[in-house]
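Engineer: I have a structure I would like to understand better, so I am pasting it below and will then ask my questions one at a time.
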Amino acid sequence: MKVGTFDTRSGAIARALATPKGVIAGGWLFLVVFVAIFAPYLTPYDYDIQNLPNAFAPPSAAHWLGTDEFGRDLLTRIMYGARTSLSVSSVAIGISVFCGMCLGAAAGFFGGWFDRAVTVAVDLTWSFPEILVALILVAIMGPGVTGTMIAIGVAYLAQFTRLTRAQIMAIKSETFVEASRSLGAGHGYILFRHLLPNALTPVIVAAMLATGDAIILEATLGFFGLGAQPPTPSWGALMSSGTAQLFKAPWIIILPGVAVAVTVFAINLFGDALVRALDVRAGLREA
Amino acid sequence: MLGYIFRRLLLLVPVFLAVSVVIFSIIHLIPGDPIDNLLKIGSGPEQREIITARYGLDKPLVVQYWIWLSGVLQGDLGTAIVARRPVADLIAQALPHSLTLGLCALAFSTTFGIVLGVIAALNRDKFADQAIMGGVLLGSTMPGFWLGLLLILVFSVWLGMFPVSGARTWSALVLPVVTVGLGGTALVARVTRVAMIEAAQRDFVMLLHAKGMRPLRINLRHVLRHALIPVVTILSLRIGWILGGAVTVEVVFARPGLGTLLIKSLNQHDYPVVQACLLILAMAVMLGTLIGDVIQAAMDPRIRAALG
């Protein structure tokens, strides 16, 4: 059972990559991750050394994307910004997926008062837009990378709790679970061997799409000056500092935004390809 | 139907109480003291105590909550600590700006989303479909504040067609509405497309084709009507999402709405204003969901029958 699911899942990535959309999107994502990891080896410049005489240089051979208000190479800062933005959003979604799966699985599996409490809490969070939840949590924890990760993680918690709970509830009543139970399997065995592995596929797809949303949310928090603090570059912080120079040097704000938009676009395209390859129930995207 | 609306409204009461508790306790977790903004330089601890007592901030939290809640129920949202004006006044000034923006953006998303979704569904898997769906997806992957700034740069600064910021004229509304509306357009278009394609496979559609009705008439008169039901569901579920987008976009366009007020008060630790803004936004989301459900029941006789 376990080996079987694993095979279809890894096969799905291959099948997703076999479509033209999947190849382009996957290629871009690979490039962004590669650049984020190997940024120091790919650029001759430092992200934080200021060079004031060279401020606001337009794109040229030496500085492909120009320089910012402190004369720092913009391409370098976007490359290092990918590090911050990708790590913050993936850790954040990691938090929501892990906590959401624990809460959702426990609620869906055991039912009773715990299930009702979780459902009420999820519905309450649902009535606040994610950006508001994140804004307020960052205000509580203080600006910075850690605060942003936790804030975004909590903002998307409800989504994964709800999704896992619904999955567990649906699978719980399948005949193979009943069969396993009548063979004497305990709660833990059923939960970890049968329910969670089968609930995992839609969660993985949703996590991928949510990572895209988290990148936008991270950029928005960074834009309000609440994300990574200077001189650490993140895509949001870059755009935030570019706002003041909107009329003087528009490339400072335009290019990091392009990086965000194209990356999130690629994540969505790849997610779509993955949904088709996995044949996850329609309607997941609408959830 | 009226009974259903009444029951739903009644259900909002406990939710409202729960939301108010959550908002109140969370606000008081924010570090930083609003009194800091009020004290003159060189004032001693006595002045701090006096001012703290004037705003009731020296009482236990439970008592503060009770005072706040009983005030809210009587329409008194308290006094802004930093702005030194009744919160209700600030909200009354900001709310119309946010409501116009939110409603226009909703209308924008719905109109364009449905039109694009129908065109995409009728040209399923052809070039028009892929171009539309790719285009709206790209529109929804751009951060709202960034898109707003870009539109300002192109249409206000370079082309001079619209004002850069503010809310004095109607033309100042165009760019914010487009910015907020684009994200929703993608959502509506996607749901409309899928719902149209699914509805077109029903038996009654085959019957209409068999009796010789023109395809365009079938699609617009019959298939679209079926497809609109999930669209309304999604819109009512994601109304808060659209409002959330409006918060950041308001700041970019310097519109004096709820979002701008909220961010400003959050930075100043002006608790009463933050509480009121959050409460109003949460209520707007809940009312939006309720209105969506009612419209859905009004559109779909099956739901109406189930409600009794």
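The values are calculated or read from the model by the stated rules, or taken from the named source; none is laboratory data. Note that the coordinates shown come from a computational prediction; the quantities given were computed from them, not determined experimentally. Cβ sites come from the backbone with ideal geometry, for glycine too, and all protein chains shown count toward neighbours. We work out accessible area using only protein heavy atoms, side chains counted, and drop any ligands, DNA or RNA first. Shrake-Rupley method; radii C 1.70, N 1.55, O 1.52, S 1.80 Å.
Engineer: Inside 10 Å of the C-beta atoms of A:261-270, what's the mean count of C-beta atoms belonging to other chains?
Structural biologist: 4
Engineer: Using the C-alpha atoms of chain B, what convex hull volume per residue, in cubic angstrom, is computed?
Structural biologist: 163
Engineer: Quick one: helix A:251-278 against the long Cα principal axis of chain A, what's the angle to the nearest 10°, folded into 0 to 90?
Structural biologist: Taking the Cα atoms of chain A, the angle to A:251-278 is about 20 degrees.
Engineer: With a 10 Å cut-off between alpha carbons and a GNM built on chain A, which of A:A266, A:A14, A:A219 moves the most?
Structural biologist: The residue with the greatest mean-square fluctuation here is A:A14.
Engineer: Taking H as built 1.01 Å from N, whose amide H comes closer than 5 Å to the amide H of A:L65, not counting residues under 5 places away?
Structural biologist: A:S60, A:L74, A:L75
Engineer: Roughly what angle does helix A:130-141 make with the longest principal axis of chain A, taking Cα atoms, 0 to 90 degrees, to the nearest 10?
Structural biologist: 70
Engineer: Sort B:112-121, B:176-185 for me by packing, meaning the mean count of neighbouring Cβ atoms within 10 Å per residue, highest on top.
Structural biologist: Averaged packing, sorted descending, gives the order B:176-185, B:112-121.
Engineer: Evaluate the protein assembly as shown: find the radius of gyration of its Cα atoms, find its Kirkwood radius, and give the ratio Rg to Rh.
Structural biologist: 0.98
Engineer: Sticking with this structure for a sec: Would you work out if region A:179-264 is rounded, prolate or oblate? Take a ≥ b ≥ c from the square roots of the eigenvalues of the alpha-carbon gyration tensor; rounded if a/c is under 1.5, else prolate when a/b is larger than b/c, oblate otherwise.
Structural biologist: prolate
Engineer: Only four residue types carry charge here, +1 at the Cβ of Lys and Arg and -1 at the Cβ of Asp and Glu. Report the dipole size of chain B about the Cα centre in Debye, rounded to the nearest 20.
Structural biologist: Roughly 1180 debye for chain B.
Engineer: A:K21: which aspartates and glutamates have alpha carbons under 19 Å from its alpha carbon, excluding same-chain residues fewer than 8 sequence positions away?
Structural biologist: A:D272, A:D279, B:D125, B:D129
Engineer: Below 8 Å between Cα atoms, with a sequence gap of 6+, how large is the relative contact order for chain B in percent?
Structural biologist: 25
Engineer: Let me ask something else about it. How do A:109-121, B:285-297 rank on mean C-beta neighbours within 10 Å, highest first?
Structural biologist: Highest to lowest by the protection proxy: B:285-297, A:109-121.
Engineer: Estimate for me the total accessible surface buried between chains B and A (protein heavy atoms, probe 1.4 Å, no ligands or nucleic acids), in Å² to the nearest 100.
Structural biologist: In total, this chain pair buries about 3400 Å².
Engineer: Skipping prolines and chain starts, which residues have an amide H placed within reach, meaning under 5 Å, of the one on B:T79, given they are 5 or more residues away or on another chain?
Structural biologist: Close amide H contacts, sequence-distant or interchain: B:V87.
Engineer: Please give the net charge around A:A185, taking every other residue with its beta carbon less than 14 angstrom from that of A:A185, where Lys and Arg add +1 and Asp and Glu add -1.
Structural biologist: Neighbourhood net charge equals +1.
Engineer: Can you tell me how chain A classifies by the Cα gyration tensor, rounded, prolate or oblate, using a/c under 1.5 as the rounded cut?
Structural biologist: prolate
Engineer: Sticking with this one: Going through the DSSP H helices of chain B, which span 30 Å or more along their own axis at the Cα atoms while scoring at least 0.5 as a mean Kyte-Doolittle hydropathy?
Structural biologist: The qualifying helices are B:2-27, B:87-122, B:174-199, B:271-299.
Engineer: Provide the packing ranking of B:124-133, B:247-256, i.e. peptides ordered by the mean count of other C-beta atoms within 10 Å per residue, highest first.
Structural biologist: Those peptides, ordered most packed to least, come out B:247-256, B:124-133.
Engineer: Sticking with this one: Set the Förster distance to 22 Å, then compute FRET efficiency between B:A254 and A:E69 from the Cβ-Cβ distance, nearest 0.05.
Structural biologist: Plugging the Cβ-Cβ distance into 1/(1 + (r/R0)^6) gives 0.55.
Engineer: Determine the shielding of peptide A:130-143 by partner chains: average, over its residues, the number of Cβ atoms on other chains within 10 angstrom of each Cβ.
Structural biologist: Average per residue, whole number: 5.
Engineer: Quick one: angle between helix A:2-17 and the longest Cα principal axis of chain A, in degrees between 0 and 90, rounded to 10, please.
Structural biologist: Rounded to the nearest ten degrees, it is 40.
Engineer: Something else: For chain A, set up a GNM with springs between Cα atoms under 10 Å and report which of A:L31, A:L209, A:L75 has the largest fluctuation.
Structural biologist: Of the options given, A:L31 has the highest mean-square fluctuation.
Engineer: Per residue of B:21-30, what is the mean number of Cβ atoms on other protein chains within 10 angstrom of that residue's Cβ?
Structural biologist: Counting other chains' Cβ atoms within 10 Å and averaging over B:21-30 gives 3.
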